[in-house]
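Asks: Got a structure for you, questions after.
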Amino acid sequence: MDRIAITGGVRLEGEIPISGAKNSAIKLMAASLLTDEPLRLTNMPRLADTRFLGRLLQRLGADLVESDGVDGPETVLRTKEIVSAIAPYDLVRQMRASFNVLGPLLARTGQAKVSLPGGCTIGARPVDLHLKALEALGAQIDLHEGYVYAQAPRGLRGATIAFPFVSVGATEHALLAAVLAEGETVLENAACEPEIVDLADCLNKMGASISGAGTPSIRIKGVARLGGASHAVIPDRIETGTYALAAAMAGGEVRLTNTRADLIEALLDKMTEAGAEVTRHNDGVTVKRNGARLRAVEIETDPYPGFATDLQAQFMALMTLADGESVVRETIFENRFMHAPELRRLGADITVSGGEARVRGVDALEGAPVMATDLRASVSLVIAGLAARGETMVNRVYHLDRGFERLEEKLGACGAQVRRIVGDGEPED
Ligand code: UD1
């Protein structure tokens, strides 16, 4: 497996172009199953997760063409016919969001067999809300031997679905299924994440009738068929926030382009409170820190527009070198502090109790070998390594490759000493 070596202590100066959002791209790719016409997605990130999903979609009958057009990296997907409505375990296991093909397959063909994704390192992550939403739309769902068997022989019917708590994945899944259902669907307590708005915008371009995306109440008038469209993936707010935090951690001045500051307002407010200088532009944001130490601030993760759980690990890394004690509360996922013991290996002073971590800022971090446990935890170790004395070796970086495009190149362009050590092909777990 590959590793990443970081020599810390170098200030970052320069510009980082932000890629299209992974978490949006994979749902948009799944949406292509809803039509027999081509869906052209531009500003596509090229990541392990988009590759995994591409492979699954091809297995289901999609033609997939990737190119570098005038609008940047693009992918055209066309599924003239669904040749198989089965998403097998070996493919869903590699990437949870593959589960989102269930709704489109069901909506288009009236049946689907999709492997349950199983747990993952950041908690149990059940899919009960996804299945309840599909049942409310009239699907018959049976679970056998780790697979979901879904049927709707007479098609899906609109319904009112009130989610007991906010789920991004279940909201997206309900949208993907309800667009072709007969009649009207109302989603109450829907997630408001920008990726939901992006998905709804794209589906509307394909001929769907969705209003209210980005608010807790989404209304979908079912249509008989959807057609092709061209859509640009929104900027990746987690990548934007991660590099903003990297600049604050290492010091220096970094301009993040091809993105939107309004996607990470909760983070930018906290960074400003901590003492980083943040300047918003039309095409992104600049983060600057010159010398002075940051102040400890408290954060609590919440659904959008609250502080994103996917930026919690990176923010904790920043707080390891802030003056005072910071409290980090995680309310979205259980077990999302695996980065804490790894940060401690670098000299951080962190205690975890339940869903709360207390971080007491130390004078300096010192490089050490560390292990990446999930996508966002991995990148928090890279951020910490940028400010640590000496060399930090991040092992098992395949998590990083799932969600961060050309990380070494992007950080390297700002002067960071980050290099990949290509592994020996040892199998990944
Ligand atoms: C998505 C993002 C992930 C992000 C998360 C929260 C993708 C591919 N992933 O994940 O990066 O961290 O939103 O912003 O877009 N839950 C249930 N039952 C369900 C569904 C969810 O109990 O059927 C729970 C989860 O275990 C979790 C909480 O609800 O505790 C929120 O999860 P959810 O918003 O669904 O996250 P994902 O869509 O999986």
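Asks: Taking +1 at the Cβ of each Lys and Arg and -1 at the Cβ of each Asp and Glu, which of THR7, GLY347, SER326 sits farthest along the dipole of the chain towards its positive end, judged by Cα position relative to the Cα centre?
Replies: The listed residue farthest towards the positive side: THR7.
Asks: How many angstrom lie between the Cα centre of the range 8-27 and the Cα centre of the range 295-334?
Replies: Here the answer is 19 Å between Cα centres.
Asks: If you don't mind, another one. Go through LYS288/LYS410; LYS27/LYS80; LYS22/LYS270 and tell me which ones have a Cα-Cα distance over 22 Å in this structure.
Replies: With Cα atoms farther than 22 Å apart: LYS22/LYS270.
Asks: Starting from the Cα-Cα distance between ARG93 and GLN151, subtract it from 0.36 nm times their residue separation and give me the gain in nm to one decimal.
Replies: Length gained between ARG93 and GLN151: 18.7 nm.
Asks: Show me the ranking of peptides 272-283, 223-234, 12-23 by mean Cβ neighbours inside 10 Å, starting with the highest.
Replies: Listed from highest to lowest mean packing, they are 12-23, 223-234, 272-283.
Asks: For the chain, take the convex hull of the Cα atoms, compute a quarter of its surface area, and give me that in nm², please.
Replies: Projected area, direction-averaged: 18.8 nm².
Asks: Gain in length, GLU15 to ARG329, computed as 0.36 nm per residue apart minus the alpha-carbon separation, to one decimal in nm?
Replies: Computed gain between GLU15 and ARG329 is 109.9 nm.
Asks: Moving on. Suppose every K and R has +1 on its Cβ and every D and E has -1 on its Cβ; what is the size of the dipole of the range 22-232 about the Cα centre, in Debye to the nearest 20?
Replies: 240 debye
Asks: List the residues whose amide H sits under 5 Å from the amide H of GLU15, counting only those 5 or more places along or on another chain, with H placed 1.01 Å from N in the peptide plane.
Replies: Long-range HN contacts for GLU15: ARG255.
Asks: Kindly write out, for the range 49-62 in residue order, the coupling ³J(HN,Hα) from the Karplus curve 6.51 cos²θ - 1.76 cosθ + 1.60 (θ = phi - 60°), rounded to whole Hz, with x marking Gly and Pro.
Replies: 5, 6, 5, 4, 5, x, 4, 5, 4, 5, 4, 7, x, 7
Asks: Once you sort the root eigenvalues of the Cα gyration tensor of the range 264-413 as a ≥ b ≥ c, which label holds: rounded (a/c under 1.5), prolate (a/b larger than b/c) or oblate (the other case)?
Replies: rounded
Asks: Hey, another quick one. What number, rounded to the nearest 500 deg cm²/dmol, is the helix-based mean residue ellipticity at 222 nm of the chain, given -39500 (n - 2.57) per DSSP H run of at least four residues and division by all its residues?
Replies: Rounded to the nearest 500, the figure is -9000 deg cm²/dmol.
Asks: Which peptide among 171-184, 315-328, 42-55 comes first, and what is the full order, when sorted by highest mean count of other Cβ atoms within 10 Å?
Replies: 171-184, 315-328, 42-55
Asks: Over the chain, what is the percentage of antiparallel beta bridges among all DSSP beta bridges, to the nearest 5?
Replies: 70 percent
Asks: Here is a further query. Suppose the chain between ARG46 and GLU298 were pulled fully straight at 0.36 nm per residue; how much longer would it get relative to their current alpha carbon spacing?
Replies: My answer for the length gained is 87.3 nm.
Asks: Can I ask one more? Under a plain spin-label model, where a point goes 7 Å from the Cα along Cα-to-Cβ, how far apart in nm are GLU184 and MET371?
Replies: That separation, rounded to one decimal, is 5.4 nm.
Asks: While we're on this one: Would you list, by chain and number, the lysines whose Cα falls below 17 Å from the Cα of LYS113, excluding same-chain residues fewer than 8 positions away?
Replies: The reachable lysines, counting only those whose Cα sits under 17 Å from LYS113, are LYS132.
Asks: Order these peptides, 301-312, 354-365, 381-392, by their mean beta-carbon neighbour count within 10 angstrom, highest first.
Replies: For the peptides 301-312, 354-365, 381-392, the packing ranking is 381-392, 301-312, 354-365.
Asks: Right, something else. Per residue of the range 28-34, what does 6.51 cos²θ - 1.76 cosθ + 1.60 with θ = phi - 60° give for ³J(HN,Hα)? Whole Hz please, x for Gly and Pro, Karplus curve as stated.
Replies: 5, 4, 5, 4, 4, 5, 7
Asks: Report, by chain and number, residues whose modeled amide H sits under 5 Å from the one on ARG293, excluding near sequence neighbours (fewer than 5 apart, same chain).
Replies: Residues meeting the amide H criterion: none.
Asks: Taking amide hydrogens as modeled 1.01 Å from N in the peptide plane, which residues meet the under 5 Å criterion relative to ARG157, leaving out close sequence neighbours?
Replies: GLY138, GLU182
Asks: Now a separate question. Under unit Cβ charges (Lys, Arg +1; Asp, Glu -1), what dipole magnitude, rounded to 20 debye, does the range 123-238 have relative to its Cα centre?
Replies: With only Lys, Arg, Asp and Glu charged at Cβ, the dipole is about 320 debye.
Asks: I've got another one for you. Per-residue HN-Hα couplings for the range 311-325, Karplus 6.51 cos²θ - 1.76 cosθ + 1.60 at θ = phi - 60°, whole Hz, x for Gly and Pro?
Replies: 10, 5, 5, 5, 5, 4, 4, 4, 5, 5, 10, 8, 6, x, 10
Asks: Tell me whether the range 22-232 comes out rounded, prolate or oblate; compute the Cα gyration tensor, take square roots of the eigenvalues as a ≥ b ≥ c, and use a/c under 1.5 as the rounded threshold.
Replies: rounded
Each reported figure results from applying straightforward, stated rules to the coordinates on display, with no laboratory input. All values reported here derive from a predicted model rather than from experimental measurement. All Cβ positions, glycine included, derive from the backbone under ideal geometry; neighbour counts span all protein chains shown.
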